[in-house]
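Bear in mind that the values in this text are calculations on the coordinates, not laboratory data. Predicted model only: the values in this text are computed from it and were never measured. Cβ coordinates were reconstructed from backbone atoms using ideal geometry, including for glycine residues, and neighbour counts include every protein chain displayed.
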Amino acid sequence: MNTIFTQTQLYTFLLYCDDERLEKTVLDCGAGGRRPPLAIFKDKGFETYGIDISQKQIEFAKEFEEKEQIELNITEGNMLELPFEDESMSYIYSYNSIFHMCKEEIGQAVSEIKRVLKKDGLAFINFPTVDDWRARVGERVREGEYLQEEFGEKILHSYFKIDEAEIYFNDVKIIYKEVRKRNGYMRNGRLITRGFVDYIIQKL
């Protein structure tokens with residue numbers, strides 16, 4: 001497989017997903033798209049599963065699977081009600097996905113991830129921060145929540161202060177946290193700032 005994946009933070013997560021006590025099962029919450037990063041884990045011998053709420057994004061992923069001749073097991077599903085048994089996955093991640101809902105729903109989704117995660121299992125979850133250039137763009141819904149144009153639709157985005165999301169993690173162990181802030185240029189030459197905070201948590 002010669003595909004270049006840009007989700008570099010998932011390579012960091014992959015380094016942590018090496019526990020001989022756990023089966024090599026991984027679930028991607030928000031798994032669709034033209035280059036589904038589940039393929040990174042498939043290439044390393046993981047049994048992969050994925051859910052996505054968008055049928056269109058699932059179709060893109062299926063096209064990728066056909067091209068690469070791999071099976072990633074991506075199906076339609078909602079993070080608010082994961083279609084998996086309690087403690088059935090060793091590793092779970094939500095990369096650039098979970099924040100497309102309100103903060104109350106994010107809490108519900110994190111609870112679902114913790115339910116499905118095995119004891120001692122790990123989960124990677126990331127959030128955009130208030131340092132991001134889009135943090136106050138669009139129609140304000142609630143504090144830190146904005147409807148923003150994305151692919152011709154208005155999509156909800158939730159933005160967090162640096163430690164704000166840790167309210168979701170009071171019953172797990174945070175084993176990795178990285179605050180990322182970088183400047184870059186859009187195609188029109190405009191200078192922008194991107195801000196994210198990444199977590200790897202362990203179920204106790």
- Message: Between a residue in segment 172-195 that is in contact (Cβ under 8 Å) with a residue 24 or more places away in the chain and among the hydroxyl-bearing types (Ser, Thr, Tyr) and any residue that is surrounded by 11 or more Cβ atoms within 10 Å (Cβ to Cβ) and assigned to a strand (DSSP E or B), which pairs come within a Cβ distance under 7 Å, given they are 6 or more apart or on different chains?
- Response: Tyr176/Tyr199; Tyr176/Ile200; Thr193/Lys181
- Residue count, segment 106-149, condition free of Cβ contacts under 8 Å to residues at least 60 places away in the same chain, buried (at least 17 other Cβ atoms within 10 Å of the Cβ) and in a helix (DSSP H, G or I), comes to 2
- Message: If I filter segment 96-105 down to residues being closer than 17 Å to Leu82 by Cα and of a type outside the set (A, V, I, L, M, F, W, C), which single residue comes out as surrounded by the most Cβ atoms within 10 Å (Cβ to Cβ)?
- Response: Ser97
- Would you check if Ile92 is closer than 27 Å to Ser111 by Cβ, of a type outside the set (Phe, Trp, Tyr) and in contact (Cβ under 8 Å) with a residue 60 or more places away in the chain? yes
- Kindly provide the set of residues from segment 160-191 that are surrounded by 12 or more Cβ atoms within 10 Å (Cβ to Cβ), among the charged types (D, E, K, R) and not in a helix (DSSP H, G or I), ordered by number. Lys161, Lys173, Lys177, Glu178, Arg180, Lys181
- Task: For segment 9-88, please list each of the strands (runs of 3 or more DSSP E) lying entirely inside it that holds at least 3 residues being surrounded by 18 or more Cβ atoms within 10 Å (Cβ to Cβ).
- Result: 25-29, 47-52
- Determine whether Val179 is closer than 12 Å to Val130 by Cα, under 20 Å from the mean Cα position of the chain (by Cα) and not basic (Lys, Arg). yes
- Message: What's the total number of residues in segment 88-109 that are within 24 Å of Lys154 (Cβ to Cβ) and either touching a strand residue (DSSP E or B) at 6+ places or on another chain (Cβ under 8 Å) or of a type outside the set (S, T, N, Q) (or both)?
- Response: 15
- Item | Filter pass, Thr6 being surrounded by fewer than 17 Cβ atoms within 10 Å (Cβ to Cβ) and either touching a residue at least 60 places away in the same chain (Cβ under 8 Å) or part of a loop (DSSP other than H, G, I, E, B) (or both) | yes
